[in-house]
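Student: Take a look at the following structure, please.
The values are calculated or read from the model by the stated rules, or taken from the named source; none is laboratory data. The shown structure was predicted, so the numbers you read here are calculated from the model rather than taken from an experiment. Note that we place each Cβ from the backbone using ideal geometry, even for glycine, and neighbour counts take in every protein chain shown. Side chains included, ligands, DNA and RNA excluded: accessible areas come from the protein's heavy atoms. Shrake-Rupley method; radii C 1.70, N 1.55, O 1.52, S 1.80 Å.
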Amino acid sequence: MTDVGAALASAFLDRCSRRGLTPDSALRILAHDSRAAAPDNSAEESLGALHERLVSASERRTRGAWYTPRWLAEDLVARIVHGPERVADLACGGGVFLLAAAERLRRYGAEPGTVVGNLLWGADVDPLAVAVCEAELWLWSASHGTPTVAGPRLVVGDTLVDLGPPPVDAIVGNPPFLGQLKSGTSVDSSRRAALIGRWRDAVRPYTDTSWLFLLAAVEAVEPGGMVSLVLPQSVLGARDAAVVRSRIDQRAALVDCWVDDGKTFDAAVDVCAPVLRIAPTPRDEPNPWLRALHRASGVPAVTIDGTTETMGDRAVVVAGFRDEYYGLVDAVTEGGDGPRLVTSGAIDPFRLRPVPVRFAKQRWDHPSIDVSLATGRAARWVDAQRGPKLVVASQTRVLEAIVDVDGSLVGGVPALVVRPREVGELWLLAAALHAPAVSAWMMQRTIGTGLSADSCRPTSDLVTRLPMPTDARAWARAADIGRELAAGANRWEEFAACADEAYGIDDLELRNWWLGRIPLR
């Protein structure tokens, strides 16, 4: 097994030798045995990146720690550091953010020795990470002619529980992601108790500890200063992050948000980086966090000015929950005579996929519901779906629904059911739901709250409040085209234009966005 500390110490000394530098004996990295050979192919890596490479993937997942690319650290630092300011990182790891801050401060005229000795502060629970960060900053200052040991300004400790930075003007970083839904990364009971003692109601059942770092940063930065941390996108919309967002809103204003459009990190998490200024401002929108994610994710901005009527005036919208889901588990049979079970994964716009589905961790080729086995709330869920209806999928790239003309389907939770008050309006309601403008409208209100930050997650309340189209003639044409689409026609562009026309909208960019996201099969 590789002695990670020894390998890093050897790599550090190798760098010093290559640059003709004599390392300061006070550096903590030198406390490790450096007689081992430097790791292969390590000369061009930063010590922080090398540290991550030498640590096993399972350990990184357990710690929730992932090395940040240098370009991202530089980008976020540029967004929040605008002069020779005091900068901190509450979970500094190998120091990539502090190095980016050091270089930016130097460009603003700060002397390298002053930068490392007075303007930067960092902490981490991992002593080796702190030693690596200290070594990196020493190498940086030495390369500029003033080798300086950060010393007491780099601290081993937990900034969420018992440690805080000195007064600073900016905090930036990539704190550990430790979500409660994953047993391999969840917080143990003793630390959870400590977090509750420090953060009170901000700690909820599914709180990710990275959210608390953002709250800690906002509370630590001086008025007028700025904060930006790399976080799971769930912070922007998750229910259990609501208290964190509310407390931050009392002290800071969300002014920008970087959103990852790919997989910047090896961790399978969609990430973002809110940019906050410590100065509360009046809110002119109900949730600036979701709006920031909406703008950054490229969803076209849209305003729907419909009639005074809503979907709720023309239909009943029904949603199932945990009890309905588990109540259906024992009622599902393969190839039975009951109504067919459909899940969100089997629903496309206007069409039902003839493919196997997954339900209750099983694969089903022809799942049906044995109505006699559905009891309690599950029985009421099945009964609510009798007759003509729409079944609306959840967690999809745009709103997707199928028209169940004869009532032969049962939507599985978390699909929604829309039952028209007048059966003759079934296709009209389907056309309204599938309008490109309506998908954008829904994503403006729900983006970031689903399993994927880029998914559309309709709720019964939002579907009920959806305004109805203003142009009855265009609406009727869209409904007719919808029937043809359900039968296999390829008139998607015509439908998109007609459905949006029904809402008084003519926006080619919006239609192209929608056409690029629908599953054309």
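Student: Yes or no: ASN174 farther than 24 Å from LEU13 by Cα, open to solvent by 50 Å² or more (accessible area, probe 1.4 Å) and polar (S, T, N, Q)?
Tutor: For ASN174, the condition - farther than 24 Å from LEU13 by Cα, open to solvent by 50 Å² or more (accessible area, probe 1.4 Å) and polar (S, T, N, Q) - is not met.
Student: Within the range 225-264, how many residues are crowded, with 22+ Cβ neighbours inside 10 Å, without any contact (Cβ under 8 Å) to a residue 40 or more places away in the chain and within 12 Å of the chain's Cα centre (by Cα)?
Tutor: The qualifying residues number 2.
Student: Kindly indicate the residue of the range 291-337 that is in contact with a Phe, Trp or Tyr (Cβ under 9 Å, 6 or more places away or on another chain), outside any helix (DSSP H, G or I) and of a type in the set (D, E, K, R) and also modelled with the highest pLDDT among those meeting that condition.
Tutor: Per the stated criteria, the residue is GLU334.
Student: If you don't mind, another one. I'd like the residue in the range 225-242 that is at pLDDT 95 or above and touching a Lys or Arg at 6+ places or on another chain (Cβ under 9 Å) and, out of all such residues, is nearest to ILE447 (Cα to Cα).
Tutor: SER228
Student: Quick one: how many residues across the range 354-386 are open to solvent by 40 Å² or more (accessible area, probe 1.4 Å) and part of a loop (DSSP other than H, G, I, E, B)?
Tutor: The total comes to 9.
Student: Something else now. Condition (residue is within 25 Å of the chain's Cα centre (by Cα), charged (D, E, K, R) and surrounded by fewer than 23 Cβ atoms within 10 Å (Cβ to Cβ)) applied to the range 77-95: is it met by at least one residue?
Tutor: Yes: one or more hits.
Student: Let me confirm something: among PRO367, PRO414, which residue is in contact with a Lys or Arg (Cβ under 9 Å, 6 or more places away or on another chain) and under 29 Å from ALA440 (Cα atoms)?
Tutor: PRO414
Student: On to the next question. From the list ALA476, ALA437, pick out the single residue that is among the small types (Gly, Ala, Ser) and either open to solvent by 30 Å² or more (accessible area, probe 1.4 Å) or touching a Lys or Arg at 6+ places or on another chain (Cβ under 8 Å) (or both).
Tutor: Selected residue: ALA476, the only one of ALA476, ALA437 that is among the small types (Gly, Ala, Ser) and either open to solvent by 30 Å² or more (accessible area, probe 1.4 Å) or touching a Lys or Arg at 6+ places or on another chain (Cβ under 8 Å) (or both).
Student: A follow-up question, please. For the range 305-328, which positions are more than 23 Å from PRO467 (Cα to Cα) and either surrounded by fewer than 15 Cβ atoms within 10 Å (Cβ to Cβ) or of a type in the set (D, E, K, R) (or both)?
Tutor: Correct list: PHE321, ARG322, ASP323, GLU324, TYR326.
Student: With respect to GLU501, is the statement that it is at pLDDT 95 or above, more than 35 Å from the chain's Cα centre (by Cα) and in a helix (DSSP H, G or I) true?
Tutor: Answer is no for this residue.
Student: Quick one: what pairs do we get from the range 468-486, first residue part of a helix (DSSP H, G or I) and at pLDDT 95 or above, second buried (at least 16 other Cβ atoms within 10 Å of the Cβ) and among the small types (Gly, Ala, Ser), C-beta under 6 Å, 6+ apart or different chains?
Tutor: Matching pairs, first to second residue: ALA474/ALA502; TRP475/ALA502; ALA478/ALA431; ALA478/ALA499; ALA478/ALA502; ALA479/ALA431; GLY482/ALA430; GLY482/ALA431.
Student: Tally the residues that are part of a helix (DSSP H, G or I), without any contact (Cβ under 8 Å) to a residue 40 or more places away in the chain, closer than 23 Å to PHE213 by Cα and not hydrophobic (A, V, I, L, M, F, W, C), restricting the search to the range 106-128.
Tutor: The total comes to 1.
Student: Quick one: in the range 136-161, of everything that is part of a loop (DSSP other than H, G, I, E, B), touching a Phe, Trp or Tyr at 6+ places or on another chain (Cβ under 9 Å) and of a type in the set (A, V, I, L, M), which residue is farthest from THR207 (Cα to Cα)?
Tutor: Once the filter is applied, the top-ranked residue is VAL149.
Student: Restricting to the range 162-178, what's the tally of residues that are hydrophobic (A, V, I, L, M, F, W, C) and at pLDDT 95 or above?
Tutor: Within the range 162-178, residues that are hydrophobic (A, V, I, L, M, F, W, C) and at pLDDT 95 or above number 4.
Student: Any idea which residue in the range 181-202 is most open to solvent (accessible area, probe 1.4 Å), counting only those that are within 16 Å of ASP158 (Cα to Cα) and modelled with pLDDT of 90 or more?
Tutor: Once the filter is applied, the top-ranked residue is ARG198.
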